[in-house]
Amino acid sequence: MPAVRIPPTLRADVGGARELEAEGSTVAEVIEDLIERYPPLAGQLLQDGELAPFVNVYVGGEDVRTRDGLDTEVRNGDQLILLPAMAGGS
Amino acid sequence: MATYRELLAQVKTEIDEISSIEAHERLESSDGSIFVDVRESDEWDEGHIPGAIYTGRGRLEQRIEGLVPDKARPLVVYCSAGSRSAFSAKVLEELGYSNVVNLAGGFSDWKRNGFEVTMPRVLSPEQRARYSRHLLIPEVGEEGQQRLLDARVLLVGAGGLGSPASLYLAAAGVGTLGIVDADVVDESNLQRQVVHSTDRLGEPKVESAKRTLEALNPDVSVVPYQERLTSENVDRILSEGWDAIVDGADNFPTRYLVNDASVWHGIPVVHGSIFRFEGQVTLFHPGVGPCYRCLFPQPPPPELAPSCAEGGVLGVLPGIIGSIQANETLKHILHRGDSLAGRLLLFDALGTTLDEVVVRRNPDCPVCGDSPTITEYIDYVEFCNAPVHL
């Protein structure tokens with residue numbers, strides 16, 4: 001089962017977890033599974049059925065947009081990193 | 001037993017010599033000749049032939065093979081009058097250098113002919129003491145330290161990230177630090193903004209930082225900009241000749257403004273951001289790697305951006321991320337090491353883990369891509385109801 005790293009900006013939406021396990025063999029399926037369990041994530045991750053332009057998803061350290069996007073294959077044991085932009089610096 | 005004069009005369013019959021005029025022709029024609037200065041270091045400090053390498057006669061045998069591994073390379077050896085260098089030329093031939101000439105008349109004759117002289121800039125005795133731990137590292141050394149002293153770095157924000165970054169850059173001897181921040185020191189800053197202190201409450205952050213940094217290192221000059229970076233002032237501030245920008249802003253409008261301006265001005269940005277227990281850090285180097293918009297083409301809509309009020313940050317986190325920013329900045333100035341361009345580091349203070357993801361330049365990037373669609377500054381709306389400070 002792939003592990004999904006939850007960034008601090010999204011933890012409030014998933015009950016505070018830093019990492020979650022999710023079902024799915026593609027990025028789309030994994031995100032779908034997460035949204036089903038944590039509906040507030042929908043607006044943070046997707047826009048018009050596509051990955052929102054202000055969030056990146058990495059599989060094996062590579063941005064899925066440079067691979068097959070939402071169709072990028074995810075294997076058991078893969079780590080997905082969700083990375084929304086964050087601006088804090090002060 | 002031969003006298004010195006007899007020995008010198010003997011050596012001179014065994015080596016080749018050229019005049020200053022011939023040596024000058026070699027320098028002008030860039031024929032690959034290396035000029036080797038074997039005088040004392042204080043003589044070198046008072047001027048030398050342009051491009052010459054310095055070994056000093058005492059360590060010539062020890063050092064020359066490291067400096068000039070190719071023993072067929074033409075060498076022109078000189079001292080002040082041509083005597084010490086005659087003995088040096090002989091030694092170099094004995095070491096197997098096959099194309100060695102002595103400069104007859106030495107540096108004195110070179111100067112008499114009016115040929116150009118390079119005046120090396122030297123560190124003062126105080127600087128030698130202050131930067132001794134840098135001078136001991138081959139990757140920095142005297143040349144690197146001079147680079148740092150000549151460097152100009154602009155810090156956007158004198159807050160959580162700007163504090164450690166500016167302290168380490170100042171301590172390292174980065175000669176000019178520009179700091180942009182409109183804010184004043186508040187009690188709630190002091191849990192992490194270590195460039196300020198309790199006696200500075202209410203003081204403009206740029207003035208407080210200037211006092212701390214210039215007290216830490218008198219070689220550093222701090223240029224304060226007590227203003228918020230906007231589309232109106234960004235060109236004025238960025239056009240003042242910066243080698244790098246350290247982005248420690250705390251809001252999206254400034255982040256995107258810094259990015260777009262840095263791409264158009266061609267200035268690398270050492271980017272750091274923090275939230276609670278996590279930090280991100282990378283280098284955006286225009287023309288070399290991706291920019292911030294390659295990573296995130298546009299900011300999140302205000303209603304989805306994390307609320308500033310509920311943010312919070314572990315005090316030491318900006319210390320770690322800001323120090324990595326200082327490290328990247330120093331490497332960039334020194335031209336050393338592997339930069340973070342194209343790599344985004346993700347630090348998790350709770351797990352104490354460091355992950356790395358790849359960031360590629362996006363050919364469709366609206367700012368640094370092949371056909372940019374953004375060509376002027378965008379003033380994004382504020383993201384918090386509370387006033388946004390750098």
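Just so you know, all these numbers are worked out from the coordinates, no wet-lab data involved. The shown structure was predicted, so the numbers you read here are calculated from the model rather than taken from an experiment. Cβ coordinates were reconstructed from backbone atoms using ideal geometry, including for glycine residues, and neighbour counts include every protein chain displayed.
Rounded to the nearest 20, the size of the Cβ-charge dipole of region B:81-216 about its Cα centre is 400 debye, with Lys and Arg at +1 and Asp and Glu at -1.
Exposure proxy shown here: for B:Thr118, B:Thr3, the number of other Cβ atoms within 10 Å sets the order, fewest to most, as B:Thr3, B:Thr118. Among the GluC sites (Glu not before Pro) found in region B:295-351, those both in a DSSP coil and sparsely packed, with 10 or fewer other Cβ atoms within 10 Å of their Cβ, are B:Glu303, B:Glu310. Around the Cα centre of region B:4-112, unit charges on the Cβ atoms of Lys, Arg, Asp and Glu (plus for the first two, minus for the last two) sum to a dipole of about 160 debye. Multiplying the residue separation of B:Asn99 and B:Leu67 by 0.36 nm and removing their Cα-Cα distance gives an extension gain of 10.0 nm. Dimensions of region B:4-112 based on its C-alpha atoms, expressed as ranges along the principal axes with the largest first, amount to 31, 30, 26 Å.
The mean sequence separation of alpha-carbon pairs under 8 Å and at least six residues apart, normalised by the residue count of region B:151-358, gives a relative contact order of 22 percent.
When chain B is described by a simple charge dipole with +1 on each Lys and Arg Cβ and -1 on each Asp and Glu Cβ, the residue from B:Gly266, B:Val11, B:His285 located farthest towards its positive end is B:Val11. The helix-only estimate of mean residue ellipticity at 222 nm for chain A, built from DSSP H runs of length n ≥ 4 each weighted as -39500 (n - 2.57), is -5000 deg cm²/dmol after division by the residue total. With contacts taken as Cα pairs under 8 Å at a separation of at least 6 residues, region A:3-84 carries a relative contact order of 37 percent. In this simple spin-label approximation, B:Val316 and B:Arg112 carry label points 7 Å from Cα along the Cα→Cβ vector, and these lie 6.8 nm apart.
The charge dipole of region B:136-222, taken about the Cα centre with unit charges on the Cβ atoms of Lys, Arg (+1) and Asp, Glu (-1), comes to about 100 debye, rounded to the nearest 20. Computed over region B:95-215, the percent of Cα pairs more than 23 Å apart is 53. Taking 30 Å as R0, compute the FRET efficiency from the Cβ-Cβ separation of B:Ile53 and B:Val358 and round it to 0.05. For R0 = 30 Å, the calculated efficiency reads 0.15. When the protein assembly as shown is described by a simple charge dipole with +1 on each Lys and Arg Cβ and -1 on each Asp and Glu Cβ, the residue from B:Ser188, A:Ile31, B:Pro366 located farthest towards its positive end is B:Ser188.
A straight Cα-to-Cα reach below 20 Å connects B:Lys90 with the lysines B:Lys12, B:Lys71, residues fewer than 8 places away in its own chain not being considered. Applying the criteria of a DSSP loop state and at most 13 other Cβ atoms within 10 Å to the GluC sites (Glu not before Pro) of region B:210-279 yields B:Glu232, B:Glu240. Overall dimensions of chain A, expressed as equivalent-ellipsoid semi-axes from the Cα gyration tensor (√(5λ), whole Å, largest first), are 18, 15, 13. A dipole drawn for region B:70-206 from +1 and -1 charges on Cβ atoms has a positive end, and of B:Pro120, B:Val91, B:Gly202 the residue lying farthest that way is B:Val91.
Would you mind checking region B:163-181 for residues with the amide N under 19 Å from a putative spin-label position 7 Å along Cα→C-beta of B:Leu136? Flagged as within label range: B:171-173. One way to sum up the overall shape of region B:233-390 is the equivalent ellipsoid from its Cα gyration tensor, whose semi-axes run 23, 21, 15 Å, largest first. Rg of the Cα atoms in the protein assembly as shown, relative to 2.2 N^0.38 Å, amounts to 1.26.
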